[in-house]
Every structure is written in structure tokens, then in C-alpha cells.
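Here the structure comes first, spelled out in C-alpha cells, and everything after it is commentary.
The values are calculated or read from the model by the stated rules, or taken from the named source; none is laboratory data. Quick caveat: nothing in here was measured; it's all calculated off a predicted structure. Positions of Cβ are generated from backbone atoms using ideal geometry, with glycine treated the same way; all protein chains shown enter the neighbour counts. All accessible areas refer to the heavy atoms of the entire protein, side chains included, with ligands and DNA or RNA removed. Shrake-Rupley method; radii C 1.70, N 1.55, O 1.52, S 1.80 Å.
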Amino acid sequence: MNGTLSYKEWRDTMLPIERQQQILTWLEHEETLRVSDISKRLEVSEMTVYRDLKPLIDEQKVFKTSNGITLKTQSYISSNHCSYCYKDSNTRMSVQLIKKNQHVEKACCPHCGLLRFQDIENEVSQMICHDFLHTTTISAKTAVFLLNADIHLNCCQPQVMAFESIKQAKQFQMGFGGNIFHFEEAIQAITMEMHGNGGCHSGK
């Protein structure tokens, strides 16, 4: 033995701080990485990757995307683009997340708005969305959400529509199906449905 560790031996004995440094090194060359790719490269579970990423995200060394992480800060993202999936946010279903520092982030639809809220909940003071039927502005926390209705909106999947009242949501559900959830329940339902999925994608 010459005392030199092979890459595999070194990787298997890496400390969290060493894995974090390796992730940052990869990002410098690739700009964005999927959590699943990091997991495969380091041969650790995705849960371990999420634990390694948390301090990097908290320190704003990296930023979350719908697929994983990036070195690009939110300041590089146009205000006309969704802060979660980066698609055009100027739609009738757009959502606004008003942060405690008075900055406003836009999401293209309730799907992305709810997932983005989950990521930055402690930074958000208010979340505004549009009633699907009347396009009036409503508080997301008091809204009712209909997931997976049988209607093609060419939006992020699972499709999510916001309604001001449960009566309106149920009336729409009678014609187009889907499942009704309140705010916290909707976030959980979207997260569960997307588990194992590559991220937001448009309906076909």
C-alpha cells in the first residue's frame, strides 16, 4: 500500500463539508445540477444530498431550482419569468410571493407558487393568486385549489387552479373532475405527486 486513496475510497470516506465542496466545484463548471445526479456521482442517498445542500442554500452559496440547484442568484432571473420553473410569469394564472423584505417574486401558476412558497416559507409575508373563474386577486392561504382537473391549460404538472370559494371549486370539479385541497394540503399533494419526477413540465 502506498497510502494514497483511490477516488472511490476517498468518496466513501468524505465528510459532509468535503461533499459540499465537491458539489460547488461541479457547479462552477456546470452551473446547474440535479439532486439525482449528485446522488449518483457521490453514491449517497438523495436524502443525504438534501442534508448537504441545506447549509449551502441557507448561506445562499447555491439556489434551488425545480430540478436541483444552481449558482445563479435570483437577481439574474427576469421579473417576467417564474422564480420556480423560469417560464413566462405573465399569465392569467400568475402568483405573487411578497417577501418580508418587500421584494416580490412571480410564479407562472399556483403549482409553482405553492412549491416556491414551500422553499422560502420563512421569507414570505403574503402570497397572492388569481381566482381561476373571475381572475380576481385572492390570498393563497385562504384559497381553495383544484388539482388535476380534466382541462388542458398548457401549464406545469400537476395542473393547479385556485378558487376563491370551495363552492366554486366544487362546481368546476363537477364538470372537469380533479381533487380539491386547501393551502397546506395542496402543497403536500403536489409534492407527493412530483416525488420521483424530474420537475415541472408542460402538459401535452
When V104 is evaluated against the numbered criteria (1) open to solvent by 20 Å² or more (accessible area, probe 1.4 Å); (2) in contact with a Pro (Cβ under 9 Å, 6 or more places away or on another chain); (3) closer than 29 Å to Y50 by Cα, which criterion, by number, is the only one it fails?
(2)
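Does Y86 qualify as being open to solvent by 10 Å² or more (accessible area, probe 1.4 Å), assigned to a loop (DSSP other than H, G, I, E, B) and farther than 20 Å from E184 by Cα?
Details: open to solvent by 10 Å² or more (accessible area, probe 1.4 Å): yes; assigned to a loop (DSSP other than H, G, I, E, B): yes; farther than 20 Å from E184 by Cα: yes.
So Y86 passes the test.
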Filter result (among the small types (G, A, S) and either modelled with pLDDT of 85 or more or open to solvent by 60 Å² or more (accessible area, probe 1.4 Å) (or both)) within the range 50-78:
S75
Tally the residues that are within 12 Å of the chain's Cα centre (by Cα) and at pLDDT 90 or above, restricting the search to the range 85-107.
1
Identify, from the list L114, L146, the residue that is open to solvent by less than 10 Å² (accessible area, probe 1.4 Å), touching a residue at least 24 places away in the same chain (Cβ under 8 Å), of a type in the set (A, V, I, L, M) and within 27 Å of F63 (Cα to Cα).
L114
Please indicate, with yes or no, whether at least one residue in the range 139-162 is at pLDDT 95 or above, part of a strand (DSSP E or B), within 18 Å of the chain's Cα centre (by Cα) and of a type in the set (G, A, S).
yes
Out of (1) more than 30 Å from T32 (Cβ to Cβ); (2) touching a helix residue (DSSP H, G or I) at 6+ places or on another chain (Cβ under 7 Å); (3) modelled with pLDDT under 95, the one F181 does not meet is (3)
Of the residues in the range 118-131 that are in contact (Cβ under 8 Å) with a residue 24 or more places away in the chain and out of contact with any helix residue (DSSP H, G or I) (no Cβ under 7 Å at 6 or more places or on another chain), the one that is surrounded by the most Cβ atoms within 10 Å (Cβ to Cβ) is H130
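For the condition among the polar types (S, T, N, Q), out of contact with any Ser or Thr (no Cβ under 7 Å at 6 or more places or on another chain) and crowded, with 19+ Cβ neighbours inside 10 Å, what is the one hit in Q168, Q188, Q159?
Of Q168, Q188, Q159, the one residue that is among the polar types (S, T, N, Q), out of contact with any Ser or Thr (no Cβ under 7 Å at 6 or more places or on another chain) and crowded, with 19+ Cβ neighbours inside 10 Å is Q159.
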How many residues are over 15 Å from L56 (Cα atoms), among the hydrophobic types (A, V, I, L, M, F, W, C) and either modelled with pLDDT of 80 or more or in a helix (DSSP H, G or I) (or both) if we restrict to the range 1-42?
2
